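To start, the structure itself, in structure tokens.
The values are calculated or read from the model by the stated rules, or taken from the named source; none is laboratory data. Source: prediction; values computed, not measured. Methodologically, a virtual Cβ is constructed for each residue, glycine included, from the backbone with ideal geometry; neighbour enumeration extends over all protein chains shown.
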Amino acid sequence: MNKEHHNFLFDDKQTKKIMRKARFWSTIKMIGITLIVTPIVLIAFWYGLRHLSLNSAQKVSDDIHLFNEISAPNVQISNQKYDDNLLGGKIITTTYKVLGDQHRPYIWTPIESDYNLFGTLTQTYISKSIQIEGSESLAETHQLERFNDYTGDREMFFYHPKISYDQYKDKISELKQLENNTLVELAISFDNAYSFDEIKSKLPTEVQVDWWWVDAYTDDTLDFFQQGQNTIPANYPYIYGFQSEQSKPKPRRSSSNEVDTFIRNIELLRESKNFEWETNEVYQALIGENGNLETSDVKIIGAVVTGTPEQLQLLQGKSYIKASTFGVISNQK
């Protein structure tokens, strides 16, 4: 009995020793596997986030390009710099304006845009105008000269043909006061809404058109503008149009015209998370009675033209031009 009891105690101790040894080596094995697998998982996770972040940056970049194509009067993108991290990042977009038929670039305001990991814009920093005070009249306040707070240049503004203003600027008549070695950016507002082909046939062929302003405003918006006789500044977030083919130094290879490209860009942006609200507003303001956006629905109510004072004086006395305001005035040297 005692011998059996002794053997039992021996077996129990031996079993515990074996189990401890097994647990020890199991722990060592788990630690080894963890040390090997964890870096692999972390690296794979890092690369996954990095890939998603880069894709998000590219998506936001494409959306910024598309939105610039349907807005931003005479403002083109020259470059974009990414400052990305695993949770999103920042895109700095450098821009320029085109002046004259030689396509002289004029450096303009950079745009900073923050985005998250999923490719959604979270904040955009846009330059604001410096407005010189000096009028008590509300109507005159909306026509005071504005200056860009980054470059110090004049900011253009437009007059909507469906709004009655007490007064209109006529900067075309002041062109003769400028020296011929300058390049001028001029915003012209038409007296009515025209089809693209109709207004192109009216403008002198010697005048360089860089941007076309599209009538993309709802009746409610125009009623609001009418109450204060609001003009529409060129840096206004909700001003829409498209770059002219004349403003591009290289001819476009696409067979579609500028209006068709404008419509295509709107439809592409409507499918994006970024600028969805803005493009839906444009779409709803433009669509015809059939519920579709077609070329005939796009009406032109203004333009940005550039050139020398002598070239732009060809616009003097044109009855379809209701008003004109200066933008950039630059020495050619």
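Quick check on D170: is it in contact with a Phe, Trp or Tyr (Cβ under 7 Å, 6 or more places away or on another chain), of a type in the set (D, E) and under 18 Å from T231 (Cβ atoms)? Reasoning before the result, please.
Numbers: in contact with a Phe, Trp or Tyr (Cβ under 7 Å, 6 or more places away or on another chain): no; of a type in the set (D, E): yes; under 18 Å from T231 (Cβ atoms): yes.
The answer is no for D170.
Could you say whether any residue in the range 237-260 is in contact (Cβ under 8 Å) with a residue 24 or more places away in the chain and within 21 Å of Y168 (Cα to Cα)?
Yes, that holds for at least one residue.
Residues checked against (1) surrounded by fewer than 19 Cβ atoms within 10 Å (Cβ to Cβ); (2) of a type outside the set (F, W, Y); (3) without any contact (Cβ under 8 Å) to a residue 40 or more places away in the chain:
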| position | (1), (2), (3) |
| --- | --- |
| S78 | yes, yes, yes |
| I111 | no, yes, no |
| N116 | yes, yes, no |
| Y125 | yes, no, yes |
| E155 | no, yes, no |
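Given the condition at positive phi and out of contact with any helix residue (DSSP H, G or I) (no Cβ under 7 Å at 6 or more places or on another chain), answer yes or no: does some residue in the range 277-295 qualify?
Yes, some residue in the range 277-295 is at positive phi and out of contact with any helix residue (DSSP H, G or I) (no Cβ under 7 Å at 6 or more places or on another chain).
When both residues are 6+ apart or on different chains and their Cβ atoms are under 8 Å apart, which pairs have a first residue that lies in the range 285-304 and is among the charged types (D, E, K, R), and a second that is at pLDDT 90 or above and not in a loop (DSSP other than H, G, I, E, B)?
Listed by first residue and then by second, the contacts come to E294/I263; D297/L286; K299/A193; K299/Y194; K299/V214.
Applying the selection to the range 161-217, what residues are in contact (Cβ under 8 Å) with a residue 40 or more places away in the chain and among the hydroxyl-bearing types (S, T, Y)?
Those that are in contact (Cβ under 8 Å) with a residue 40 or more places away in the chain and among the hydroxyl-bearing types (S, T, Y): S164, Y165, Y168, S173, T182, S189, Y194, S195, Y217.
Would it be correct to say that I92 is in a strand (DSSP E or B), touching a helix residue (DSSP H, G or I) at 6+ places or on another chain (Cβ under 6 Å) and free of Cβ contacts under 8 Å to residues at least 24 places away in the same chain?
Numbers: in a strand (DSSP E or B): yes; touching a helix residue (DSSP H, G or I) at 6+ places or on another chain (Cβ under 6 Å): no; free of Cβ contacts under 8 Å to residues at least 24 places away in the same chain: yes.
No: the conditions fail for I92.
Would you mind telling me which numbered condition in (1) assigned to a loop (DSSP other than H, G, I, E, B); (2) under 25 Å from L66 (Cβ atoms); (3) in contact with a Phe, Trp or Tyr (Cβ under 9 Å, 6 or more places away or on another chain) P237 fails?
Only one criterion in (1) assigned to a loop (DSSP other than H, G, I, E, B); (2) under 25 Å from L66 (Cβ atoms); (3) in contact with a Phe, Trp or Tyr (Cβ under 9 Å, 6 or more places away or on another chain) is unmet by P237, namely (3).
If I ask for residues that are among the polar types (S, T, N, Q) and either in a loop (DSSP other than H, G, I, E, B) or surrounded by fewer than 17 Cβ atoms within 10 Å (Cβ to Cβ) (or both), which ones from the range 274-312 would you list?
Kept after step one, since they are among the polar types (S, T, N, Q), are these residues of the range 274-312: 274, 279-280, 284, 290, 292, 295-296, 306, 308, 311.
Those that are among the polar types (S, T, N, Q) and either in a loop (DSSP other than H, G, I, E, B) or surrounded by fewer than 17 Cβ atoms within 10 Å (Cβ to Cβ) (or both): N274, N280, Q284, N290, N292, T295, S296, T308.
With the condition being closer than 15 Å to A303 by Cβ, in contact with a Ser or Thr (Cβ under 8 Å, 6 or more places away or on another chain) and at pLDDT 95 or above, I'd like the strands (runs of 3 or more DSSP E) fully within the range 122-232 carrying at least 2 qualifying residues. Steps first, answer last, please.
On the way: elements: 129-131, 146-148, 182-194, 208-214.
Hits in the range 122-232: 182-194, 208-214.
Tell me whether the range 263-270 contains one or more residues that are farther than 30 Å from T308 by Cβ, modelled with pLDDT under 95 and not in a helix (DSSP H, G or I).
The answer is no; no qualifying residue exists.
Which condition from (1) surrounded by 11 or more Cβ atoms within 10 Å (Cβ to Cβ); (2) at pLDDT 75 or above is the one that T34 breaks?
T34 satisfies all of (1) surrounded by 11 or more Cβ atoms within 10 Å (Cβ to Cβ); (2) at pLDDT 75 or above except (2).
Residue check: is V209 under 23 Å from S127 (Cα atoms) and buried (at least 17 other Cβ atoms within 10 Å of the Cβ)?
Numbers: under 23 Å from S127 (Cα atoms): no; buried (at least 17 other Cβ atoms within 10 Å of the Cβ): yes.
Against the criterion (under 23 Å from S127 (Cα atoms) and buried (at least 17 other Cβ atoms within 10 Å of the Cβ)), V209 does not qualify.
What do you reckon, is T120 surrounded by 14 or more Cβ atoms within 10 Å (Cβ to Cβ), in contact with a Pro (Cβ under 9 Å, 6 or more places away or on another chain) and more than 23 Å from I188 (Cα to Cα)? Step through it out loud before you land on a result.
Details: surrounded by 14 or more Cβ atoms within 10 Å (Cβ to Cβ): yes; in contact with a Pro (Cβ under 9 Å, 6 or more places away or on another chain): no; more than 23 Å from I188 (Cα to Cα): yes.
Criteria not met by T120.
Can you tell me how many residues within the range 239-257 are within 29 Å of N55 (Cα to Cα), surrounded by 13 or more Cβ atoms within 10 Å (Cβ to Cβ) and modelled with pLDDT under 90?
1
Can you go through E4, E69 and tell me which one is acidic (D, E), out of contact with any Lys or Arg (no Cβ under 9 Å at 6 or more places or on another chain) and modelled with pLDDT of 70 or more?
None of the others qualify; the one that does is E69.
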